[in-house]
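Accompanying notes for the structure given below.
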Amino acid sequence: MKRTVLYDTHLSLGAKMAPFAGWEMPIQYPAGPIEEHRLVRRSAGLFDTSHMGRFRVYGPGATQFLDKLLTARLSDLFVGFSRYSLLLREDGGILDDLFVYRLGEEEWFIVVNASNTEKNFAWFQQWASKEGTIQIEDLSFRFGMVAFQGPRALELLTQITENEKGERWTPPERFGWSWVRIGKPKGSLADRANHSDASTKVRCLVGRTGYTGEDGVEIFPPWDRTPFVWETILSSASKMGIEAGPAGLAARDSLRFEPGFALYGHELSEDITPVEASLLWACDFEKPFVGREAVSNRKEQGPKEKLATFVMEEPAVPRAGYPVTDEAGTTVGRVVTGLYAPTIDAFAGNAFVLPDLAISGKTLYIVIRGARKKARVVKRPLYKPAYRA
Amino acid sequence: MTYDPDVKYQKSHEWARKDGSLFTVGISDYAQDSLGDVVFVELPEKGKVVQKGEAFGVVESVKAASDVYAPLSGTIVEVNTKLKEDPALVNKEPFGAGWFVKIQASNPTEYDQLLSATEYEAFVKGL
């Protein structure tokens, strides 16, 4: 079982650790997942996401190379910005969903799901070996990754962050990224003490991205300095009177569900194409990409099942794997995510169902311990991301 | 971790509090802590007859669904309807407002076979 560089930090915070995608991760802290969820919606929460995979792809032709492998168009993405994309097999099956950051004309930073890191690395390597000029570097243990999310996250971060010239950092717009130095506020005692500037400031890549539906950032410090960044954020928050605390993977799941973000292994898998997952918006059919033909064909034929978001009408907790039926009891699908959604205060979930049932207002029945419980298909998202005006 | 000394326990982590031949039943502090945030409790109808060791309800936390087992045989004469509105009572007051059901025992001597707080604590620490 792998451990992130923040493992001891989590233990000292009283986290409950559990296996996730081969990593021992904090599922929750003493506040509990529901309070952690509410904290992120109300103020700010800090997540360890260092288990995710991080690659650098560079070299002559790197942009064209990635543009062919990823469903999103990369050629028109400016240096300093990032974009969501899918990675498909030739048959349209989803290998992963990921974020690409353009570091330079021919240099890219990619963040993938923990469960797919090795698979994706091999996939990129296999395609790159045909090119000769493309380098793929696994940075998963060279950089850590933390997400600081919530309406007050940037307010705090701007107080402890400088740009590369040592000036106060102005956050980039949504999906932008920048190199920054994070440390104690300027003029603090720590600064005036005998510490050199280098030891109190850590150079990090910061992206204005996230997976919670709130404004915030994802921060990539050097692996060994990740605990420093984590502690600086939490201790500065308490000094500034900004309510903030750690949040675990359970809260991360409910926070990503409400704004309608997919989670690999649930809404996404190799058996599903972007058509079923309602992710055609992440595919640019105006350019070639691996899997395009297959996805176009599937789109034309129509999918056999589609993703539907539902809310329970009878009090009961749906869970991944539960069957979905119609009123007569005929199986029409399966639940892939089911939980208590704290912000909307309802039991809700996602299911793959027959396409004509994946329409808001339709009634579904979730089979919970042998009993059919009524649910209603609703429009996504249940929670509109704060940054989407 | 609290081990209420006024109740008796079974190894599946339910407790029973004696009041004549009527027994209030809930889950232990250790159980609620292991489960994490409770979001739903499924309880039987009043009048249901249960056997000792039989699953009579389900407690659903953010993490998972777990069966709740009767520590004594008898008839369910009362259910805690407050848990419908506020299932988090199980986390907040596992030995108090977070109780599940009251059982009219058909064989009150079953109570004597349950673990004392000290025995239960030793059992939990060995887990």
Inset, instruction - Tell me which of these residue B:46 doesn't satisfy, since it passes every other one: (1) modelled with pLDDT under 95; (2) more than 27 Å from residue A:37 (Cα to Cα). - result: (1)
Inset, instruction - Working only within the range B:90-107, note down all residues that are within 14 Å of chain A (Cβ to nearest Cβ) and free of Cβ contacts under 8 Å to residues at least 40 places away in the same chain. - result: B:92
Legend entry - Candidates A:20, A:65, A:55 - the one that is at negative phi and within 14 Å of chain B (Cβ to nearest Cβ): A:20
Legend entry - Every pair of residues 6+ apart whose Cβ atoms lie under 7 Å, when the first sits in the range A:159-175 and is on the phi > 0 side of the Ramachandran plot while the second is surrounded by 10 or more Cβ atoms within 10 Å (Cβ to Cβ): A:175/A:81; A:175/A:82; A:175/A:83; A:175/A:208; A:175/A:209
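For residue B:87, state whether it is over 21 Å from residue B:117 (Cβ atoms), part of a loop (DSSP other than H, G, I, E, B) and within 11 Å of another protein chain (Cβ to nearest Cβ).
Numbers: over 21 Å from residue B:117 (Cβ atoms): yes; part of a loop (DSSP other than H, G, I, E, B): yes; within 11 Å of another protein chain (Cβ to nearest Cβ): yes.
So residue B:87 fits the description; yes.
Can you tell me which residue is farthest from the other protein chains (Cβ to nearest Cβ) among those in the range A:366-389 that are surrounded by fewer than 22 Cβ atoms within 10 Å (Cβ to Cβ) and part of a strand (DSSP E or B)? Steps first, answer last, please.
In the first step, residues of the range A:366-389 are kept if they are surrounded by fewer than 22 Cβ atoms within 10 Å (Cβ to Cβ); the result is A:367, A:369-374, A:376-389.
From what is left, the residues that are part of a strand (DSSP E or B) are A:367, A:371-374, A:376-378.
Values: A:367: 13, A:371: 10, A:372: 15, A:373: 11, A:374: 15, A:376: 18, A:377: 21, A:378: 19 Å.
Step by step, filter the range A:366-389, then rank; the result is A:377.
Table: residues versus (1) under 25 Å from residue A:276 (Cβ atoms); (2) surrounded by fewer than 20 Cβ atoms within 10 Å (Cβ to Cβ).
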residue: A:53; (1), (2): yes, no
residue: A:70; (1), (2): yes, no
residue: A:79; (1), (2): no, yes
residue: A:95; (1), (2): yes, no
residue: A:102; (1), (2): no, no
residue: A:113; (1), (2): yes, no
residue: A:117; (1), (2): yes, no
residue: A:127; (1), (2): yes, yes
Legend entry - Whichever residue in the range A:325-357 is among the β-branched types (Val, Ile, Thr) and within 14 Å of chain B (Cβ to nearest Cβ) and, among such residues, is surrounded by the fewest Cβ atoms within 10 Å (Cβ to Cβ): A:344
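Could you check the range B:45-69 and list, in sequence order, the residues that are outside any strand (DSSP E or B) and more than 13 Å from chain A (Cβ to nearest Cβ)? First the steps, then the outcome.
Here is the first cut: in the range B:45-69, the ones outside any strand (DSSP E or B) are B:45-48, B:51-54, B:62-64.
Matches in the range B:45-69: B:45, B:46, B:47, B:48, B:51, B:52, B:53, B:54.
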Inset, instruction - Would you mind telling me which numbered condition in (1) modelled with pLDDT of 95 or more; (2) out of contact with any helix residue (DSSP H, G or I) (no Cβ under 8 Å at 6 or more places or on another chain); (3) of a type outside the set (A, V, I, L, M) residue A:227 fails? - result: (2)
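Please verify whether residue A:31 is under 20 Å from the mean Cα position of the chain (by Cα), surrounded by fewer than 22 Cβ atoms within 10 Å (Cβ to Cβ), within 14 Å of chain B (Cβ to nearest Cβ) and small (Gly, Ala, Ser), treating the condition exactly as stated. Walk me through it before giving the result.
Values: under 20 Å from the mean Cα position of the chain (by Cα): no; surrounded by fewer than 22 Cβ atoms within 10 Å (Cβ to Cβ): yes; within 14 Å of chain B (Cβ to nearest Cβ): yes; small (Gly, Ala, Ser): yes.
It is false that residue A:31 is under 20 Å from the mean Cα position of the chain (by Cα), surrounded by fewer than 22 Cβ atoms within 10 Å (Cβ to Cβ), within 14 Å of chain B (Cβ to nearest Cβ) and small (Gly, Ala, Ser).
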Legend entry - Number of positions in the range A:144-176 that are more than 24 Å from residue A:213 (Cα to Cα) and in contact with a Phe, Trp or Tyr (Cβ under 9 Å, 6 or more places away or on another chain): 3
Legend entry - Test result for residue A:71, in contact with a helix residue (DSSP H, G or I) (Cβ under 6 Å, 6 or more places away or on another chain), among the polar types (S, T, N, Q) and within 18 Å of residue A:218 (Cβ to Cβ): no
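Evaluate the range A:241-253: report whether one residue or more is within 14 Å of chain B (Cβ to nearest Cβ), closer than 22 Å to residue A:377 by Cα and not aromatic (Phe, Trp, Tyr).
Yes - at least one qualifying residue is present in the range A:241-253.
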Inset, instruction - Would you be able to say whether some residue in the range A:5-18 is in contact with a Ser or Thr (Cβ under 7 Å, 6 or more places away or on another chain), touching a residue at least 12 places away in the same chain (Cβ under 8 Å) and crowded, with 21+ Cβ neighbours inside 10 Å? - result: yes
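How many residues are in contact (Cβ under 8 Å) with a residue 12 or more places away in the chain and surrounded by fewer than 17 Cβ atoms within 10 Å (Cβ to Cβ) if we restrict to the range A:235-253?
Going through the range A:235-253, the residues in contact (Cβ under 8 Å) with a residue 12 or more places away in the chain turn out to be A:236-237, A:240, A:242-253.
Restricting the remaining residues to those that are surrounded by fewer than 17 Cβ atoms within 10 Å (Cβ to Cβ) gives A:240, A:243.
Residues flagged as in contact (Cβ under 8 Å) with a residue 12 or more places away in the chain and surrounded by fewer than 17 Cβ atoms within 10 Å (Cβ to Cβ) within the range A:235-253 amount to 2.
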Legend entry - the range A:306-324: number of residues that are surrounded by 19 or more Cβ atoms within 10 Å (Cβ to Cβ) and more than 14 Å from chain B (Cβ to nearest Cβ): 6
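The values are calculated or read from the model by the stated rules, or taken from the named source; none is laboratory data. All values reported here derive from a predicted model rather than from experimental measurement. Because the Cβ atoms are built from the backbone with ideal geometry, glycine has one as well, and the counts that use them run over all protein chains shown.
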